[in-house]
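Read the structure below first, then the notes.
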Protein chains: 2
Amino acid sequence: MEIIKEVTLMQARSKAAKAEGQKVVFVPTMGFLHDGHRELIKTGRKAAGKDGLLVLSIFVNPAQFGPKEDLSTYPRDMDRDLKMAGEEGVDAVFTPGVDDVYPRGFETFVEVTELQKHLCGERRPGHFRGVATVVLKLFNMVMPDSAVFGKKDYQQLKIIERMARDLNLGVDIIGVDTVRESDGLAMSSRNAYLSEPERRAARSIPGSLKAASDGVATGVRQARDLIEIMKKIIEKEPVAVIEYIRVCDKESLEDLDTIEDEALVALAVSIGRARLIDNRIVSIRLRA
Amino acid sequence: MEIIKEVTLMQARSKAAKAEGQKVVFVPTMGFLHDGHRELIKTGRKAAGKDGLLVLSIFVNPAQFGPKEDLSTYPRDMDRDLKMAGEEGVDAVFTPGVDDVYPRGFETFVEVTELQKHLCGERRPGHFRGVATVVLKLFNMVMPDSAVFGKKDYQQLKIIERMARDLNLGVDIIGVDTVRESDGLAMSSRNAYLSEPERRAARSIPGSLKAASDGVATGVRQARDLIEIMKKIIEKEPVAVIEYIRVCDKESLEDLDTIEDEALVALAVSIGRARLIDNRIVSIRLRA
């Protein structure tokens, strides 16, 4: 497995692969890999095929953290990350430096203006601008044919899909289902922030999503009723602070009043130092 | 000479050229070509070499026009444009449709946040966002190794250079000197808007730049003094309305008080229906 730090070397590596007709598949991450990432890598390996070039990037992107967020304490473990990458058949790990990605005088940003307004965008101004910008830059460094993103970050996935289409990037975006712990908690690098009692309280997040899904299956149709059901479950945990619970259109992310068919139920909850997000598609066609 | 209308065909054409090791050079325009464009094309032809693929695009970009600007009346003459392209050895003319460039639901924009604030950016909100966005999209459609822009649109050139660097586009940006009429007026498609007396009044624009350059050569160092000299020349023409005259740093485009070495002198003047811009680098090392 190659480890590439320089932007120009990464570009040269991908160009060489393309010149030989190899497919380039890309899994961008912020590192501290868990089994959710493992699933992204497995999906990437399949998409690249035996002969393709599978690139995993590890870059904690300052541009997507707000001034009061956890950039400086974001967990890192490069040795463990490289081990997992090796196990899962990654061909090249790309670990650019912050100053190479954002050199002095950097001032160009991309925004997906409507999709970024909703859900996490309301509370994290500039977050999705930072995400879209770094993903576009990484795409130009890695030059992938396909790139793999998790559905846990559903809004991010939709924004990247939209950006790829709107800017004619020619990159196929592959979404991968959320991987969960045995009790349902979505895998996240930020789960490492949770103490044991906080970790137990965090079960209320997937629990509330299950209750929403069951609610829809048994006839609940009003968004406010679903939100009420979820709120009650999470509020049983005194350490859990709800940032938002939303029922929205799964493409536009605009709030829905009534569920006609399918909907995205998404929430953000702070527990201790961890701000956790999760989501689930609910459907009136599923029975409880 | 090929004429390509479809985005996917353009991408396929460029990919095929690259696969054969051809250099792809791109000259983006809004059409109604004049001798300034001819110079861009000649430069592009040289950069592409005999065997390279030289692509000229003709696309009047709605995203860079304000609601009260001249989008609907912007001059067009496709037959004449194709004739010039053929004469100058263009290999492919790319003429995408507005709905292909901006399909329903389009909402992704690029901004070069600091450079876009100055000069024309102050009076044309959204203009450079529209320019940067369409150029990024066109780059992703044409996939050039190099692209050619005129220095008459100096701020645009600086913004594109910055964007290419900041977003790791891997496109070499080539700037070409302004081509002028015999009396000094910079070539522009919008010169077509001028009546005969307006056309005569427009000479005051390059005249004022020449006076600024001469002023610096003879010892004038204060920006406000230069601006005063220029203002007097243009104000002799009753049909000329000054939008701005600025003396600024030629890289950051920030206003200068005093010229220490070189400076960009730039102005925008409305004459009748035409909003005309021009600029000149002045230097204390040049003697009048």
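Per residue, what volume in Å³ does the Cα convex hull of the range B:91-152 take up? Don't jump to the answer; show the numbers that get you there.
On the way: hull volume 7.8 nm³, N = 62.
Convex hull volume per residue, Cα atoms: 126 Å³.
Among A:LEU169, A:VAL148, A:PRO206, whose Cα sits farthest toward the positive end of the charge dipole of chain A (+1 at Cβ of Lys/Arg, -1 at Cβ of Asp/Glu, about the Cα centre)?
Most positive-ward Cα: A:PRO206.
Once you charge only the Cβ atoms, +1 for Lys and Arg and -1 for Asp and Glu, what is the size of the charge dipole of the range A:145-232 about its Cα centre, to the nearest 20 debye?
Values: 15 positive and 13 negative charges, 73 e Å.
Charge dipole of the range A:145-232: 360 debye, to the nearest 20.
Got a sec? Charge dipole of the range A:189-283, +1 on Cβ for Lys and Arg, -1 for Asp and Glu; which of A:ALA192, A:ILE229, A:VAL216 is way out at the positive end?
Highest projection toward the positive end goes to A:ALA192.
Which residue, A:GLY150, A:GLY49, A:GLY36, has the most motion in a Gaussian network model of chain A that connects Cα atoms within less than 10 Å?
In this elastic network of chain A, the residue with the biggest mean-square fluctuation among A:GLY150, A:GLY49, A:GLY36 is A:GLY49.
In whole percent, what relative contact order does chain A give with Cα contacts below 8 Å and a gap of six or more residues? Please report the intermediate quantities before stating the final value.
Working: 532 pairs, mean separation 49.7, N = 288.
It comes to 17 percent, rounded to a whole number.
Would you mind counting up the charge near B:LYS151? Only other residues with Cβ under 13 Å from its Cβ, with Lys and Arg at +1 and Asp and Glu at -1. Write out the running numbers ahead of the final one.
Values: positive: B:LYS152, B:LYS158, B:ARG180, B:LYS250, B:ARG280; negative: B:GLU39, B:ASP153, B:GLU161, B:ASP177, B:ASP278.
It works out to a net charge of 0.
For a quick size check, give me the Cα extents of the range B:154-259 along its three principal axes, largest first, whole Å.
47, 36, 22
Among rounded, prolate and oblate, which fits the range B:98-211 when a ≥ b ≥ c are the square roots of the eigenvalues of its C-alpha gyration tensor, a/c under 1.5 means rounded, and a/b larger than b/c means prolate? Could the numbers behind the result be given before it?
Numbers: a/c = 2.02, a/b = 1.77, b/c = 1.14.
It is prolate, given that a/c is not under 1.5 and a/b is the larger ratio.
Between the label point of B:GLY97 and that of the same position in each other copy, find the distances and list them shortest first in nm, with every label point placed 7 Å from Cα along the Cα-to-C-beta direction.
Once sorted, the set of distances for B:GLY97 reads 5.0 nm.
Return the equivalent ellipsoid semi-axes of chain B as a descending list in whole Å, where each equals the square root of 5 times an eigenvalue of the C-alpha gyration tensor.
Numbers: eigenvalues 221, 81, 71 Å².
One finds semi-axes of 33, 20, 19 Å for chain B.
Please list, short to long, the whole-number percent of alpha-carbon pairs of the range B:164-203 in consecutive 5 angstrom bins beginning at zero.
Taking all Cα pairs of the range B:164-203, the binned fractions are 6, 18, 20, 14, 7, 10, 10, 9, 5, 1 percent.
Given +1 on the Cβ of Lys and Arg, -1 on the Cβ of Asp and Glu, and no further charges, what dipole in debye does the range B:18-76 carry about its Cα centre, rounded to the nearest 20? The partial results should precede the final answer.
On the way: 9 positive and 6 negative charges, 45 e Å.
Magnitude of the dipole: close to 220 debye.
Given the -39500 (n - 2.57) contribution per DSSP H run of 4+ residues, what per-residue ellipticity at 222 nm results for chain A, rounded to the nearest 500 deg cm²/dmol? Kindly include the intermediate steps, with their values, before the conclusion.
Values: 10 runs with 107 residues, N = 288.
That calculation yields -11000 deg cm²/dmol at 222 nm.
Along the positive direction of the dipole of chain A (beta-carbon charges: Lys, Arg +1; Asp, Glu -1; about the Cα centre), which of A:VAL112, A:ILE4, A:ILE277 reaches farthest?
Projecting each Cα onto the dipole axis, the largest value belongs to A:ILE277.
Across the residues of A:102-108, average count of Cβ atoms on other protein chains within 10 Å?
Details: counts 1, 2, 0, 7, 6, 10, 17.
Average neighbour count from other chains, rounded to a whole number: 6.
For an R0 of 35 angstrom, estimate the FRET efficiency from the Cβ-Cβ distance between B:VAL98 and B:GLU262 and round to the nearest 0.05. Don't skip to the end; give the middle numbers.
Values: r = 40 Å, r/R0 = 1.14.
Using R0 = 35 Å, I get an efficiency of 0.30.
For B:ASP261, place a label point 7 Å from Cα along the Cα-to-Cβ direction in every copy; what are the distances to the other copies, in nm, shortest first?
From this label point to the equivalent ones elsewhere in the assembly: 6.3 nm.
Would you mind getting me the FRET efficiency between B:ARG190 and A:GLU69? Use the beta-carbon distance for r and R0 = 51 Å, nearest 0.05. Before the final figure, lay out the partial values.
On the way: r = 47 Å, r/R0 = 0.92.
The calculated FRET efficiency here is 0.60.
Rounded if a/c is under 1.5, else prolate if a/b beats b/c, else oblate: with a ≥ b ≥ c from the C-alpha gyration tensor eigenvalues square-rooted, which is the protein assembly as shown? If you can, show how the numbers build up before the last one.
Details: a/c = 2.14, a/b = 1.86, b/c = 1.15.
Prolate is the answer for the protein assembly as shown, as a/c is 1.5 or above and a/b outweighs b/c.
When the label point is put 7 Å from the Cα of A:ARG80 along its Cα-to-beta-carbon vector, which residues of the range A:1-32 have a backbone N closer than 20 Å?
A:28-32, by backbone N distance to the label point.
Distances from B:MET1 to the same residue in each other copy, label points 7 Å out along Cα→Cβ, in nm, shortest first?
5.3
In whole percent, what relative contact order does the range B:127-196 give with Cα contacts below 8 Å and a gap of six or more residues? Write out the running numbers ahead of the final one.
Numbers: 56 pairs, mean separation 20.7, N = 70.
Rounded, it is 30 percent for the range B:127-196.
Specify, for chain A, the residue whose C-beta is closest to the rotation axis mapping it onto chain B, with the distance given in whole Å.
Result for the axis mapping A onto B: A:VAL110, 3.
With Rg and the Kirkwood Rh both taken from Cα atoms, where does Rg over Rh land for the range B:25-171?
Numbers: Rg = 14.9 Å, Rh = 15.8 Å.
Checking Rg against Rh, the ratio lands at 0.94.
Counting Lys and Arg as +1 and Asp and Glu as -1, each charge on the Cβ, what is the dipole of the protein assembly as shown about the Cα centre in debye, to the nearest 20? Working shown, then result.
Working: 86 positive and 90 negative charges, 9 e Å.
Using only the charged Cβ atoms, the result is roughly 40 debye.
Using the structure shown, list the pairs from A:LYS23/A:LYS152; A:LYS42/A:LYS152; B:LYS117/B:LYS158; A:LYS23/A:LYS46 with a Cα-Cα distance above 18 Å, or answer none.
Values: A:LYS23/A:LYS152 26 Å; A:LYS42/A:LYS152 16 Å; B:LYS117/B:LYS158 12 Å; A:LYS23/A:LYS46 11 Å.
From A:LYS23/A:LYS152; A:LYS42/A:LYS152; B:LYS117/B:LYS158; A:LYS23/A:LYS46, over 18 Å: A:LYS23/A:LYS152.
A short reminder: the numbers here are calculations on the coordinates, not readings from a lab. Note that the coordinates shown come from a computational prediction; the quantities given were computed from them, not determined experimentally. Every residue, glycine among them, receives a Cβ derived from its backbone with ideal geometry; neighbour counts consider all protein chains shown.
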